[in-house]
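Engineer: I have a structure here, written as structure tokens, and I will follow up with some questions on it.
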Amino acid sequence: NAGVTQTPKFRILKIGQSMTLQCTQDMNHNYMYWYRQDPGMGLKLIYYSVGAGITDKGEVPNGYNVSRSTTEDFPLRLELAAPSQTSVYFCASSILLGVDTEAFFGQGTRLTVV
Amino acid sequence: AQSVSQHNHHVILSEAASLELGCNYSYGGTVNLFWYVQYPGQHLQLLLKYFSGDPLVKGIKGFEAEFIKSKFSFNLRKPSVQWSDTAEYFCAVNALFGNEKLTFGTGTRLTIIP
């Protein structure tokens, strides 16, 4: 059982470039999330989705876009990379928070913008 | 909106010492509470969770946490730490009913000295 899979694991971008961080889960979870983790700041929610076709902004959505065309996939798009987007990105999924379950996390993508 | 505070940013202990990491949340309604652990270079893994019932919950690797509703706290404890417990620990809260977001604290880095 693969769980939550993120690709790539590492990436270096130049300022102004764009890229898509991929996230796939095979647990048939409705909820999916994108977080960024910065030293001393914990995890900040970027976007989340409660099901295919439905997405919503989290705490720090500026500079990012998402889509959820299928239950399994929840890609995160950076259109114009900026140094402030240097971070570690984690994708997570869950059945439904609040019904005796928890979020499962991917291995993370370490992104550096230079 | 809910928030989570972890006041210990970096804790250094010797092996066999007892551990208590503080976690306080702010939200007036019913919450689900979680502790996640992140070992160096790895993704977040669930340590334990509280949904209802006995406020003292036991997790993996000898960890436990106590939910004290009157203090809005969910402190993590372990009677005797090991070198392998060196990691970053995150407290998280999810407000029950109508909120799909999992909010994280800023994390506590735990270093165990052999």
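Engineer: Please report, largest first and rounded to whole Å, the three semi-axes of the ellipsoid equivalent to region A:26-114, where each semi-axis is the square root of five times an eigenvalue of the C-alpha gyration tensor.
Structural biologist: Details: eigenvalues 100, 43, 24 Å².
Semi-axis lengths for region A:26-114 are 22, 15, 11 Å.
Engineer: For the protein assembly as shown, just run the numbers: alpha carbon Rg, then divide by 2.2 N^0.38 Å, N being how many residues it has.
Structural biologist: Numbers: Rg = 17.5 Å, N = 228, 2.2 N^0.38 = 17.3 Å.
In units of the 2.2 N^0.38 Å rule of thumb, it is 1.01.
Engineer: If I take R0 = 22 Å and measure r between the Cβ atoms of A:THR101 and B:SER3 in this structure, what FRET efficiency does the formula 1/(1 + (r/R0)^6) give, to the nearest 0.05? Don't skip to the answer; put the middle values down first.
Structural biologist: Working: r = 22 Å, r/R0 = 1.00.
The calculated FRET efficiency here is 0.50.
Engineer: Calculate one ³J(HN,Hα) per residue across region B:52-61 by plugging θ = phi - 60° into the Karplus curve 6.51 cos²θ - 1.76 cosθ + 1.60, and present them in order as whole Hz with x for glycine and proline.
Structural biologist: Each residue of region B:52-61 in turn: 6, x, 3, x, 9, 10, 10, x, 7, 6 Hz.
Engineer: Oh, and also: Mean separation of Cα pairs under 8 Å and 6+ residues apart, divided by the residue count of region B:1-103: what relative contact order is that in percent? Could you put the intermediate results ahead of the total?
Structural biologist: Details: 207 pairs, mean separation 36.5, N = 103.
Reported relative contact order: 35 percent.
Engineer: Can you check what the net charge comes to around B:THR86, using other residues whose Cβ is under 11 Å from the Cβ of B:THR86 (Lys, Arg +1; Asp, Glu -1)?
Structural biologist: Numbers: positive: B:ARG109; negative: B:GLU15, B:ASP85, B:GLU88.
Once all neighbours under 11 Å are counted, the net charge is -2.
Engineer: How big is the dipole moment of chain B about its Cα centre under a simple scheme where the beta carbon of each Lys and Arg is +1, that of each Asp and Glu is -1, and everything else is neutral? Debye, nearest 20, please.
Structural biologist: Numbers: 9 positive and 8 negative charges, 28 e Å.
Roughly 140 debye for chain B.
Engineer: Could you please report the charge total around B:LEU110, scoring K, R as +1 and D, E as -1 over all other residues with beta-carbon less than 13 angstrom from its beta-carbon? All intermediate terms of the calculation are to be shown ahead of the outcome.
Structural biologist: On the way: positive: B:LYS61, B:ARG77, B:LYS78, B:ARG109; negative: B:GLU15, B:GLU20, B:ASP85, B:GLU88.
Every neighbour counted, the sum reads 0.
Engineer: Within 12 Å, Cβ to Cβ, of A:SER67, how many net charges do the neighbouring residues add up to if Lys/Arg are +1 and Asp/Glu are -1?
Structural biologist: Summing Lys/Arg as +1 and Asp/Glu as -1 gives +1.
Engineer: A further question on this structure: Percent of Cα-Cα pairs more than 17 Å apart in chain B, please.
Structural biologist: Details: 3271 of 6441 pairs.
Beyond 17 Å sits 51 percent of the P(r) for chain B.
We did not get these values from a lab; they are worked out from the coordinates using the rules stated. In this text the structure is predicted, and so the values were computed from the model without any measurement. Glycine also receives a Cβ, built like all others from the backbone with ideal geometry; neighbour counts cover every protein chain displayed.
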